[in-house]
Each structure stands twice: as C-alpha cells, then as structure tokens.
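Novice: Following this message is one structure expressed as structure tokens.
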Amino acid sequence: MIDAAKIKSIWGDILHLVYPEKCLVCSSELTKKEKDICSVCRVDITYTHFHHFIEANSIDKIFTGRIKTEATYAHLFFEKSKVVQKILFDIKYKNNHALANYFGEEMGGNILQIEKMSSVDILLPIPLHPKKEFIRGYNQSEEIAKGVMTSFPVELGTRYIYRTKHTQTQTRKNRFDRWDNVADVFQIKKEIKEFRHALIIDDVLTTGATIEHFVYALKKVHPKIKISISTLAIAK
C-alpha cells in the first residue's frame, strides 16, 4: 500500500510537470529544489546585509548633514548589467507586482531585526503623481511597501500623502537637476500627526533628492515625527 507521503510526492511531480513554477526574475522554469527565484539569478543578487551593521552604512553617509534619521536600510546593491538592474526595471516599468511583493517581504523580515526601527508605526511609500501612476499602472514603492507589511505589519499611510506635480523621470538627471525636479512636489495631510515614527519606502536610492524633499514636506506638517528610510536597492 502506497503511503500518504509518497502519494503527495507523486502528485507534486505531476503538478510540476503540468504547471511548472517560473522564476520571478527571468521566467525560466524552476527545478523542484528551487523556490521563487532560480539559482542562476539568485547567485547574481548582491544583498547589502545592512541590518547587521552597527556603524553607519552608505545611506547614512548620503543623508549626513541633510536630514536626521533614526535608522536606514537598503536591501540590495544595484550594479549595472547585473540581475538587480533587471529586478528594478521590471518592478518599475513592467508592473511586476509579484517581484515587488517578494523582495518587500524579504525587506520586512530584515527590518524586524533593526532595533531602532521597532517603534515604526506607519509606512510611507514615496507617492507618484496620479498621472504617472495611471501611465505605469501602479506605484512601485507602494507595492514594495505592501510586501514589507507581510513581515512588518504596521499601517500603510498612502491616504496621508500625495504628489502635486507631474515631474519628469529622475533616471538621467544629474544631482542638481534631480533636486530642482522634486522641489515642492509633495503634500502631507495633517492627520499624519497621529503617528510617531515613519518608515519611508522607495525603490532605489541614488542622490537622495526625492526622499529629502519628501522629509521636508513631512516635517513641515509634523516636526516631531521620527524618520527612518528603507529602499529596495542602493547604488554600490
């Protein structure tokens, strides 16, 4: 008589043959031993391990003298022509919700290990202008934040924040142009005063201009709110 474990294994083999799981990054078929991301893509992903850092990380150095933060974290290192570049592109421009949620959940698990973020009571993904969000289909930072909430369940504060100007993409702008491009584009509702510690979520950090302007807008409404920052990636 065939036992239940063997029947389950056989049924699993049949399902894998008929409905093979695909890699979230490259869409190649996963082996039975792989989960979510194939081994080829996974080996090309460089994690920052910032949640283990005691001293300042590279995000802290970017914002030193610009804004005061409680804690900062980036999940991945961005390097051109490596798989993280494709991950960011697919999340930002190809509506890859599954990829955003997957890495957001990973981020949330690591954020839980950062003691200075334990008092966070609201997540604030950098908002897109409604026109840009309509064009793209969704806000990639919000989707990442939803993934973070799976592991780090606090309120998602999208109803308190919005973007008032439809700015050009930051991708090919220099540092000074990035700064001018996002000046005075954010509005914050006064209800944000109910919260004490905000974790700002964004997809990738380069010069930090967008986050800096967002923090300025937030502080105008709620000067006492504590600020932490978490991005999916940071340039290496």
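Where a number appears in this text, it was derived from the coordinates with a stated rule and is not lab data. What you see is a predicted model, and the numbers here were worked out from it, not measured in a lab. In this analysis, Cβ positions are derived from the backbone assuming ideal geometry, glycine residues included, and neighbour counts consider all displayed protein chains.
Novice: Using only Cα atoms, locate the centre of the range 32-73 and the centre of the range 86-111, then give the distance between them in Å, rounded to an integer.
Specialist: 13 Å
Novice: If packing is taken as the average number of other Cβ atoms within 10 Å across a peptide's residues, how do 208-215, 95-102, 38-45 rank, most packed first? Can you show the working numbers first?
Specialist: Values: 208-215: 21.5, 95-102: 19.6, 38-45: 15.1.
Per-residue Cβ counts within 10 Å, averaged per peptide and sorted highest first, yield 208-215, 95-102, 38-45.
Novice: Say R0 is 35 Å: what FRET efficiency, to the nearest 0.05, do SER58 and LYS224 get from their beta-carbon distance?
Specialist: 0.80
Novice: Listed highest first by mean packing, meaning other Cβ atoms within 10 Å per residue, what order do 216-225, 195-204 come in?
Specialist: By packing density, highest mean first, the sequence is 195-204, 216-225.
Novice: Quick one: which residues, 5 or more positions from LYS22 or on another chain, have an amide H under 5 Å from its amide H? H modelled 1.01 Å from N in the peptide plane, none for Pro or chain starts.
Specialist: Amide H neighbours of LYS22: LEU30.
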